[in-house]
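Read-outs: derived from the displayed coordinates by stated rules, not from any lab. Since we're looking at a predicted model, the values are computed, not measured. Every residue, glycine among them, receives a Cβ derived from its backbone with ideal geometry; neighbour counts consider all protein chains shown.
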Amino acid sequence: MRSIRVQFFSIIIAVLLILLVLLNTYPLTASRDLVFQEKESGMLSQATVIASSLSGLDSISRAGIVEVLRLMDVSGYGRIAVADDKGQLMYDNGSGELPEELSRALEGKSVFRSVFDESAFVSACAMPFSVQNGSLGAVYLYERDEERAALIMTVQGRIRVASLIIAGLAIVVVLGFSELLLRRIRELVRSMRIVAGGDYAHRLGVRGRDEISELGEEFNLLTERLDETERQRRRFVSDASHELKTPLASIRLLADSVVQNENVDMATVREFVTDIGHEAQRLQRTTEELLDLSRLDDGVQVLPEPVDLKQVTLDALVLLRPLAVEKQVKLQLELDDGCVIMANTDDMFHVIFNLTENAVKYNVPDGYVRLQLSADEENVTLSVSDSGIGIPEADRLNIFSRFYRVDKARSRASGGSGLGLSIVHDAVIAHGGSISVGSNKPQGSVFIVKFPRPGDGETGI
């Protein structure tokens, strides 16, 4: 597996090599092409002037050619040659055979050629002309420019040296930057391994405002959530174990009392068995509530269906009326028709049952519990208010926490597990609703639950 350092360094080096190749080839090519264009323009212009002057002669002769060239500034050319239509050199200040360009010019074509061999620009051109007697000839110009070639090669050498310096500095900068970048990535990876090992309190030191810093901040937020989740899990396991341990210990104590006492009478046995049943019922209810919370935490829900909250409320009150009679609490109902939402019937039953049961349990003799159900264009609102002992202001932020009790001794005596309001809260949120709690003047408390009201097309009603 190739490390990210090798990959990053390879990419940078590849880009750097491409830039250096362009830097060392483009200036040379561009300069050479400019010289070629200048040579072609200048030599063809000069050849045109010479050919035009030679066209004024009566005939092609060496004397006439010398006279014409004497009047012109042609000292910059290494070779000048003039041939007649038979290919015979009538004038040549150089030596050698008939140039190929001159032969092609005698065919009536203007010719130019230039090459660069890193030591000089070698250029040649030829142009045809005709004298007054109708004879055809051609003029040939040759030039070897070493000065411009040397200048271009000097500039190219300096560019090459500068390129090497730039490449060296770039490599140093890339190595330093990659080391800094990889160090930060290694710190992030090390922090991930620490958190993966169970240390959720670990935090990554974040500096800078780039993408890696943003990634580090997101990592810290994630570890904070993991830390909080782990604390809640441990607290939940501890509280759940405690809640389950208490009825189990009571059941075991009662059972041992019956077994170890050989002379116990039947009335005492019946009393102990009744207490065992109550503790078993409490244990069963706590277990069912834990299962409900686990289902809500996992997001496991059946498909929503139209639920008439008025009917669900009436069904819940059938089970709660005996408790209300026992506690001497009056149930007052203000339930509007048409309060239909999209939800799960069992979850809505638990919401209404738990809120109403708490309002009855923690009430006062001759008190009341008022259930109000109404709907507007946007929401369906359920209000459960009572005249009971109320909830202190300091406890209202925590009452939806699992196993939280306002009055622990009194709640345990009434059979409460501290999970009812947690189930209510999670069920309401899971169905897109909201729940709030306040005081009910002059005493008591009020819970207000709101659900979004679906359109007619959603409910099918």
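Listed values, structure above:
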item	result
For peptides 336-348, 179-191, sequence by mean Cβ density within 10 Å, most packed first	336-348, 179-191
Peptides ranked, highest mean first, by Cβ atoms within 10 Å: ranges 40-48, 92-100	40-48, 92-100
For the range 4-153, alpha-carbon Rg and Dmax in angstrom	21.8, 83
For the range 118-234, projected area of the alpha-carbon convex hull averaged over all directions, nm²	15.5 nm²
Members of 310/330; 327/450; 330/361; 39/109 lying beyond 22 Å, as alpha-carbon distances in this model show	327/450
Per-residue HN-Hα couplings for the range 371-382 [Karplus 6.51, -1.76, 1.60; θ = phi - 60°; Hz; x = Gly/Pro]	10, 10, 10, 8, 9, 10, 5, 10, 10, 10, 10, 10
Phi to ³J(HN,Hα) by Karplus 6.51 cos²θ - 1.76 cosθ + 1.60 over the range 104-115, Hz, x for Gly, Pro	5, 5, 5, 8, x, 10, 7, 10, 9, 8, 8, 9
Scaled radius of gyration (Cα, divided by 2.2 N^0.38 Å) that the range 95-143 gives	1.30
Backbone HN-Hα couplings from phi across the range 191-206 [Karplus 6.51/-1.76/1.60, Hz, Gly and Pro as x]	5, 4, 5, 5, 5, 4, x, x, 8, 6, 7, 5, 10, 8, x, 9
